[in-house]
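Only one structure is covered here, and it is reproduced in the block below.
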Amino acid sequence: MTRIGAGYHTVEERLRTLEERVEEQTRTIDELRNRDALKTQFLSNVSHDLRTPLTAIVTHAEILRDGILGDLSPKQLESICGIISGGRQLIGMVGEILMYARGAADQLSLTPTEFAIGTVIEQVTSQVEPLAVKKGLEIGVDVEKDMPPLCADREKITHILSNLLGNAIDFTEHGGRVWVNASRTTTVQSAASVLIEVGDTGIGIAPEHHELVFREFAQVDASASRHHHGTGLGLAIARKFVELHDGRIWVESAPGVGSRFYFTVPVHASC
Ligand SMILES: Nc1ncnc2c1ncn2[C@@H]1O[C@H](COP(=O)(O)OP(=O)(O)OP(=O)(O)O)[C@@H](O)[C@H]1O
Ligand SMILES: [Mg+2]
């Protein structure tokens, strides 16, 4: 006999109680997993179904903007352009939720092809340049010479870069600087990799938030009055994509100084 808690129990009784508790907790974990899967499925269905009518709205607005159905007054044109830009923003957000839901359900796979990282960096920076110029930001690119070609999923690498660069522009005040650098590196396991840095001289992130920002739906300023509008999924998706490539992503940042996001992509001998 042992004295456990309030009364005396045989070892067998105690063992049975523990087994019952383990069973109960296993049931709870299973139930939570099922609910989580249902939530992910729901997010996936809703975002997928939202995309079709949203795309139709934007396409119809573009037809009006382009004068295909007749001329518009300057005020009407301005209004239509507002509908298009708001609609595009919504399509982007819905797309992110769909991507997240697919990642959470492990439905993402890689389609590797061979490409030069410098070309993708040039492509992404030229896409966001008008946005940076509009905000009065200087944008710089520095790619090391003779970089080895990557055998990776070009679309996903482009997505990661667009997200990081989009954040750098969003969180940097007028007159600041954003940049993308790429160089060779070796990982702890001595594997040859490409190291990509996306930096800015913006508001920065406090050390206690460095891990948090990579979690889904996490935003440092989650208040309704925040200036930046997003889903809080960009970095969670970027991390998922980097990890699918066996790479690593991290941030070095301090409030008021700026942020440097880094990620690595292993270099493979052939594709
Ligand atoms: N360059 C940066 N400078 C300062 N804060 C940043 C930077 N990048 C990310 N953050 C912080 O991390 C949070 C999460 O970023 P993430 O890209 O995941 O989501 P989001 O930009 O808010 O929304 P989404 O990318 O889904 O549109 C941001 O809301 C912001 O608080
Ligand atoms: Mg973002």
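Could you give the dipole magnitude of region 153-271 about its Cα centre, charging the beta-carbon of Lys and Arg +1 and that of Asp and Glu -1, in debye to the nearest 20?
For region 153-271, the charge dipole is close to 220 debye.
Relative contact order for the chain using alpha-carbon pairs under 8 Å, separation at least 6, rounded to a whole percent?
16
With each label point set 7 Å from Cα along the Cα-Cβ vector, what nm distance links Leu110 and Thr59?
That separation, rounded to one decimal, is 3.4 nm.
By how many degrees, 0 to 90 and rounded to 10, does the Cα axis of helix 117-134 deviate from the longest principal axis of the chain?
Value to nearest ten degrees: 70.
Which one of Cys81, Gly103, Ile91 has its Cα pushed farthest toward the positive end of the charge dipole of region 11-104, where Lys and Arg give +1 and Asp and Glu give -1 at the Cβ?
Highest projection toward the positive end goes to Cys81.
Shape verdict for region 11-167, please, from the Cα gyration tensor: rounded (a/c under 1.5), prolate (a/b greater than b/c) or oblate.
Note, shape of region 11-167 comes out oblate.
For an R0 of 25 angstrom, estimate the FRET efficiency from the Cβ-Cβ distance between Val257 and His229 and round to the nearest 0.05.
About 0.55, to the nearest 0.05.
Check the cysteines of the chain one by one and keep only those with no other cysteine Cβ under 4.7 Å from their own.
Cys81
Per 0.36 nm of contour for each residue apart, how much would the distance between Glu122 and Thr28 grow if the chain were fully extended, relative to their Cα-Cα spacing?
28.9 nm is the gain from fully extending Glu122 to Thr28.
Which whole-number percent is the relative contact order of region 1-99 (Cα, under 8 Å, 6+ apart)?
28
Cα axis of helix 74-104 to longest principal axis of the chain: angle in degrees, 0 to 90, nearest 10?
It works out to around 30 degrees.
Compute a Gaussian network model of the chain, connecting alpha carbons closer than 10 Å, and tell me which residue from Glu12, Glu252, Glu78 fluctuates the most.
Glu12
Would you mind pulling out the separation of the Cα centroids of region 207-253 and region 22-65, in Å?
About 20 Å separates the Cα centre of region 207-253 from the one of region 22-65.
For Ile68 paired with Asn45, estimate the spin-label separation in nm (one decimal), with each label point 7 Å from Cα along the Cα-to-Cβ line.
Reported label-point gap for Ile68 and Asn45 is 3.3 nm.
About its Cα centre, what dipole magnitude does the chain give when the only charges are +1 on Lys and Arg Cβ and -1 on Asp and Glu Cβ, stated in debye to the nearest 20?
Taking the Cα centre of the chain as origin, the dipole is about 240 debye.
How compact is region 11-104 by the rule of thumb for globular proteins, expressed as Cα Rg over 2.2 N^0.38 Å?
The value comes to 2.02.
If you take every DSSP beta bridge fully contained in the chain, what fraction is antiparallel? Give it as a percent rounded to 5.
If we restrict to bridges inside the chain, about 85 percent are antiparallel.
Angle, helix 154-170 long axis vs. longest principal axis of the chain, Cα atoms, 0 to 90°, nearest 10?
That works out to roughly 80 degrees.
So, by mean Cβ neighbours within 10 angstrom, what's the order for 236-249, 55-68, 115-128 with the highest one leading?
Result, highest mean Cβ count within 10 Å first: 236-249, 115-128, 55-68.
Quick one: Debye curve from the alpha-carbon atoms of region 113-266 only, equal weights, vacuum; give me log10 I(q)/I(0) at q = 0.11, 0.12, 0.15 Å⁻¹ to two decimals.
Results for region 113-266 at q = 0.11, 0.12, 0.15 Å⁻¹ read -0.40, -0.48, -0.77.
What distance in nm lies between label points placed 7 Å from Cα along the C-beta direction at Ser85 and Glu129?
Each label point is offset 7 Å from its Cα along the Cβ direction, giving 2.0 nm.
Might you report the magnitude of the Cβ-based charge dipole of region 7-100 about its Cα centre, with Lys and Arg at +1 and Asp and Glu at -1, to the nearest 20 debye?
Charge dipole, region 7-100, about its Cα centre: 280 debye, nearest 20.
Read-outs throughout are calculated quantities, based only on the coordinates presented, and are distinct from any laboratory measurement. Here the structure is a predicted model, which means the values were calculated and not measured. Cβ sites come from the backbone with ideal geometry, for glycine too, and all protein chains shown count toward neighbours.
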